[in-house]
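Readers should treat all values here as calculations from the given coordinates under stated rules, not as data from a laboratory. Keep in mind it's a predicted model, so treat the numbers as computed, not measured. So basically every Cβ, Gly included, is an ideal-geometry build from the backbone, and we count neighbours across all protein chains shown.
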Amino acid sequence: MGYIKDHFKEVADKQSAAIKKLIAEHGEISLGQVTIAQAYQGMRGIPGLITETSLLDANEGIRFRGYSIPELREKLPKASDGKEPCPEGLFYLMLVGEIPTDEDAGHISAVWARRSHVPNHVFQVIEAFPVSTHPMTQFCAAVLALQTESKFAKAYEAGISKKEYWDYVYEDSMTLIARLPRIAAYIYRRKYKNGEHIQPDGMLDWSANFAHMLGYDDDSFKELMRLYLTIHADHEGGNVSAHATHLVGSALSDPYLCFTAGMTGLAGPLHGLANQEVIRWIEELQKDLGTLTPSKEQIADYIRKTLSEGKVVPGYGHAVLRKTDPRFTAQMEFAKVHCADNPTVQTVWNVYEVAPEILESTGKIKNPWPNVDAHSGALLKHYGLVEEDFYTVLFGVSRALGVLASLCWDRALGFPIERPKSMTTEWINNYIAKQ
Ligand code: NMX
Ligand code: MLT
């Protein structure tokens, strides 16, 4: 691993020096004003975080180190038998800011394969839960159980210097990422396949091995996993899972503790659990109307019914995006090639044709367009991965790449503990009175 870690340190040191100069010379420049409405309404639009790995444009969608999703699909290294990007390459890109060579991505793949052994007590923790427990609960608990392995926590206890934090956080992040597919697959096989576990295949790349351990050896499912684990990896720093990981990390909690915090946030229905909610909503729609491919008029009525019941239409809307999520488009393109005849996939496309106009007409939804979660379930169902309450775990395995690459940056840049100011409504009223 040495050369990638050394390269990261070299790049981070340069960036750290540039940031010190930037703060010294321009630190007083204002990034904007904070309004009372913003303080009450989810801090939307307040620029208050630095995240180097990716940046979101409201109309264009996410760019990872400047590269859009179509560019990543073209430029990142592929598996020898595949056309989709390998997430190993995306991790390298987020970490060092450069498109990796095939050798760099292969190197990361080999390190993750070598470090993938999960200690037995983690499986015991999973086994202690009733099988009915939601997979995200089992996943969070398993990651927390893995914290016994933290090199950062041990080194901190032994009294390391601040300058060394990044090194241990880097090592923990690599080991944690390496082990997540095995943990996730274990939860899946335990809950849905009578505990018939499948051993890892160290010759496969990270995504293909994950697909294999889940029990899906179809080549095009492996391709789907490579794409899925790439596009869900990061969405700049303000989303709940990234922000929670970063916030907890600022207290110098180790990567296992930080990632658990991120995952408990991802488990919420307005964030990562939405992928489960979308496919349930579509299946209820199909069941209610007695057809796998309801007409656009029927879909429109169903959307109006959902809204009239005071519920959200899952998979639509976004706190920052104001156009169709390019992650939705990437999945749609994949589906056009691999499963265009699937009726549920077609229903997802028909929802896309009618939902935006209806959501827009409510006059209150700021973004009527689909997000990443609107498509993923239909694709997974097509390949037989039908257990939708597992879908957020897949999202979580992918999200580890972005939030842990960012955590390495947080420590390499020496970011301090995060502590924004909060106020009471009484304080706000007094402030208004003084204007
Ligand atoms: N269906 C119905 N109502 C919606 C939707 C939707 N898809 N999206 C927003 N609204 C409502 C929202 O609940 C709010 O209503 P109220 O004023 O009564 O509280 C109003 O529209 C204004 O909300 P916005 O400012 O447009 O959205 P906000 O930034 O607060 O929330 C989401 C963003 C993503 C939480 C919201 O659009 C939503 O709940 N979408 C459905 C759930 C979903 O797909 N989440 C996945 C997000 C992606 N991810 O993976 O994390
Ligand atoms: C994400 O991928 O984190 C979601 O799109 C939510 C967000 O960006 O706020």
TODO: Compute the Cα gyration tensor for region 274-382, then decide on rounded, prolate or oblate, letting a ≥ b ≥ c be the square roots of its eigenvalues: rounded whenever a/c is under 1.5, prolate when a/b is larger than b/c in the other cases, and oblate in all that remain.
DONE: oblate
Open item on the list: Taking loop as defined by DSSP and a crowding limit of 15 other beta carbons within 10 Å, which GluC sites (Glu not before Pro) in region 1-93 fit?
Closed with: 28, 60
Task: Value of relative contact order over region 336-402, rounded to a whole percent, pairs C-alpha under 8 Å and six or more apart - done: 28 percent
- [ ] Return 51, 425, 101, 324 ranked ascending by Cβ neighbour count within 10 Å, so the fewest neighbours appear first.
- [x] 425, 101, 324, 51
Open item on the list: Show me the ranking of peptides 380-388, 190-198, 244-252 by mean Cβ neighbours inside 10 Å, starting with the highest.
Closed with: 244-252, 380-388, 190-198
Open item on the list: Using just the Cα positions, wrap region 320-435 in a convex hull and report its mean projected area in square nanometres, one decimal place.
Closed with: 12.5 nm²
Open item on the list: For the chain, what does the helix formula give at 222 nm: sum of -39500 (n - 2.57) over DSSP H segments with n ≥ 4, over the residue count, nearest 500 deg cm²/dmol?
Closed with: -19000 deg cm²/dmol
TODO: Would you work out if the chain is rounded, prolate or oblate? Take a ≥ b ≥ c from the square roots of the eigenvalues of the alpha-carbon gyration tensor; rounded if a/c is under 1.5, else prolate when a/b is larger than b/c, oblate otherwise.
DONE: oblate
Task: Fraction in percent of alpha-carbon pairs per bin - 10 Å, region 154-296 - done: 10, 27, 33, 21, 6, 2, 1
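State which entries of 305/421; 191/287; 162/323; 78/154; 78/381; 151/381 exceed 31 angstrom in Cα-Cα distance in the structure shown. Provide the component values of the computation, followed by the final result.
Details: 305/421 41 Å; 191/287 25 Å; 162/323 42 Å; 78/154 37 Å; 78/381 24 Å; 151/381 39 Å.
Pairs exceeding the cut-off: 305/421; 162/323; 78/154; 151/381.
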Open item on the list: Counting other beta carbons within 10 Å of each residue's own, what order do 327, 280, 189 fall into, fewest first?
Closed with: 280, 189, 327
- [ ] Would you mind calculating the relative contact order of the chain from Cα pairs under 8 angstrom and at least 6 residues apart, reporting the percent as a whole number?
- [x] 22 percent
- [ ] Quote the relative contact order of region 1-155 in percent (integer), defining contacts as alpha-carbon pairs under 8 Å separated by 6+ residues.
- [x] 15 percent
Open item on the list: Within a 10 angstrom radius of the beta carbon, how do 258, 339, 140 rank from fewest other beta carbons to most?
Closed with: 339, 140, 258
TODO: Between the alpha-carbon centers of region 354-404 and region 121-147, tell me the distance in whole angstrom.
DONE: 24 Å
Task: region 150-227-region 257-300 distance, computed between alpha-carbon centres (Å) - done: 26 Å
Task: region 10-138 shape via C-alpha gyration tensor axes, a/c threshold 1.5 - done: oblate
